[in-house]
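This report refers to the structure that appears directly beneath it.
The values are calculated or read from the model by the stated rules, or taken from the named source; none is laboratory data. From a predicted model like this one, the values you see are computed outputs, not experimental measurements. A quick note on method: Cβ atoms are made from the backbone with ideal geometry, for glycine too, and the neighbour counts reach across all protein chains shown. All accessible areas refer to the heavy atoms of the entire protein, side chains included, with ligands and DNA or RNA removed. Shrake-Rupley method; radii C 1.70, N 1.55, O 1.52, S 1.80 Å.
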Amino acid sequence: MALPLMLRLALIENLRRVAVRIAAARSDRDLAGDWAARMVTVVEQKPTDLILVLAIWPAPTQPYRAPFCRVNSPFAGAEPNFAFANSWLEHRLADEA
């Protein structure tokens with residue numbers, strides 16, 4: 001009798017952990033999308049202000065890998081002003097590792 005109940009509880013706990021990871025990943029992607037949009041807008045309006053946006057990038061305690069991939073994608077082959085942002089992001093990611 002106890003075995004089926006324990007199996008159900010274990011399954012529910014595993015599903016809860018998966019849901020938490022999925023929610024965190026979605027949050028990271030949304031945050032990265034916001035940063036990418038902010039950088040694109042700044043470069044389109046006043047490229048010299050990009051350094052100010054990078055200066056307020058989240059602290060190193062924030063996860064960088066997913067946001068870096070998301071933020072980096074709009075910059076690939078784009079305007080030359082994004083080369084600086086790409087370089088900075090790559091160095092920041094290397095520092096985290």
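Screening residue 14 with (1) in contact with a Pro (Cβ under 8 Å, 6 or more places away or on another chain); (2) open to solvent by 50 Å² or more (accessible area, probe 1.4 Å) gives one miss only, at (1). Against the list (1) of a type in the set (D, E, K, R); (2) under 23 Å from residue 94 (Cβ atoms); (3) at pLDDT 80 or above, the condition residue 28 fails is (3). Taking segment 1-25 as the region of interest, how many residues are small (Gly, Ala, Ser) and at pLDDT below 85? Residues flagged as small (Gly, Ala, Ser) and at pLDDT below 85 within segment 1-25 amount to 2. Scan segment 27-41 and tell me whether some residue there is over 18 Å from residue 56 (Cβ atoms), open to solvent by less than 60 Å² (accessible area, probe 1.4 Å) and within 28 Å of the chain's Cα centre (by Cα). No: zero hits.
Only a single item in (1) open to solvent by 50 Å² or more (accessible area, probe 1.4 Å); (2) at pLDDT below 80 is not met by residue 52, and it is number (2).
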